[in-house]
1. Looking at segment 155-191, which of the residues that are assigned to a strand (DSSP E or B) and out of contact with any helix residue (DSSP H, G or I) (no Cβ under 8 Å at 6 or more places or on another chain) is surrounded by the most Cβ atoms within 10 Å (Cβ to Cβ)?
2. Restricting to segment 249-260, and then to whatever is surrounded by fewer than 22 Cβ atoms within 10 Å (Cβ to Cβ) and under 9 Å from the mean Cα position of the chain (by Cα), can you tell me which residue is farthest from residue 277 (Cα to Cα)?
3. Looking at (1) surrounded by 19 or more Cβ atoms within 10 Å (Cβ to Cβ); (2) more than 17 Å from residue 245 (Cβ to Cβ); (3) out of contact with any helix residue (DSSP H, G or I) (no Cβ under 9 Å at 6 or more places or on another chain), which is the only condition residue 116 fails?
4. Say whether the condition of being in contact with a strand residue (DSSP E or B) (Cβ under 9 Å, 6 or more places away or on another chain) and either closer than 22 Å to residue 153 by Cα or not in a helix (DSSP H, G or I) (or both) is met by at least one residue in segment 278-293.
5. Quick test of your reading of the structure: residue 270 fulfils all but one of (1) surrounded by fewer than 23 Cβ atoms within 10 Å (Cβ to Cβ); (2) at pLDDT 95 or above; (3) farther than 25 Å from residue 159 by Cβ. Name the failing condition by number.
6. Considering only segment 215-247, state which residues are part of a loop (DSSP other than H, G, I, E, B) and touching a helix residue (DSSP H, G or I) at 6+ places or on another chain (Cβ under 8 Å).
7. Given 200, 210, 147, which one is closer than 24 Å to residue 240 by Cα and in contact with a helix residue (DSSP H, G or I) (Cβ under 8 Å, 6 or more places away or on another chain)?
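The values are calculated or read from the model by the stated rules, or taken from the named source; none is laboratory data. These numbers come from a predicted model, not from an experiment. Cβ placement follows ideal geometry from the backbone for every residue including glycine, while neighbour counts extend to all protein chains displayed.
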């Protein structure tokens, strides 16, 4: 383990890296008067501040019963919703077991701690999030929800390293599974600011796409995208039994830590509603909805964090968020958001 002085020095180096990355962009929040953007609506935000082209799996949703539409109004009957959730959980569990069984040679355990996969986790979209998306897309029947929500079922492959050489064997095994008809991957998305931060080489992704093209009648699409937030991950969309679709994400453990907090910013920035227990976070960070200068500053900050999380592997195995640079308001410091989340979780647990 690192001694206290070494750990402090490491945090200082990471903070300097963030400041240097921030200087590459003209993103100073302080140089853009707050009142100058007071009348902006979400439709005024420039395209270069865009979020992901579609929603992705979030593992921080709450658990409620989906019976009402957002702002009132029924989406689907309670009985149908309960059946949808029950069935989706069964399909998700089967798929998770199949994926783990196929990738077991690469999953770390006590005897093999250095294997590339730290864990594979699965979730069914929370009814709160499902309710919001179903109303937005005017999905009222179970069949419409299955067809219209690609990430209703989500799986995340969490790796111990962000290095291509550690992840390539996992992707080759996944390609073999696609070739054998084990997994029906119909879309591959490579999110990274530049090729140096990708989790895989272009050649490896081409082989995975080719395997899908041979199996699926409609083939497998593939695209790469660089987002202002710096989000870095591989996404695979797959067809599952009973009409369901799933989104598989691959990222290393440090990137996952950044994503779990950045998901709050993403939802606020795109005018989505956070679960009830996280309303204090939504209120504290609400200016992000309308302030373009603030969005630029926060994007620069998250971009630097994703870069560090992808590249840095601390000897302690723990990734701590460096303090936010001075061009970001203190309430948007990830350490502050983590504290707010813990308070919200504790309050919800105690029924407050």
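1. Here the answer is 191.
2. Residue satisfying both the conditions and the ranking: 256.
3. (3)
4. No, segment 278-293 contains no residue that is in contact with a strand residue (DSSP E or B) (Cβ under 9 Å, 6 or more places away or on another chain) and either closer than 22 Å to residue 153 by Cα or not in a helix (DSSP H, G or I) (or both).
5. So residue 270 meets the others, but not (2).
6. Hits for segment 215-247 are 219, 220, 228, 229, 230, 231, 232, 240, 244.
7. 147
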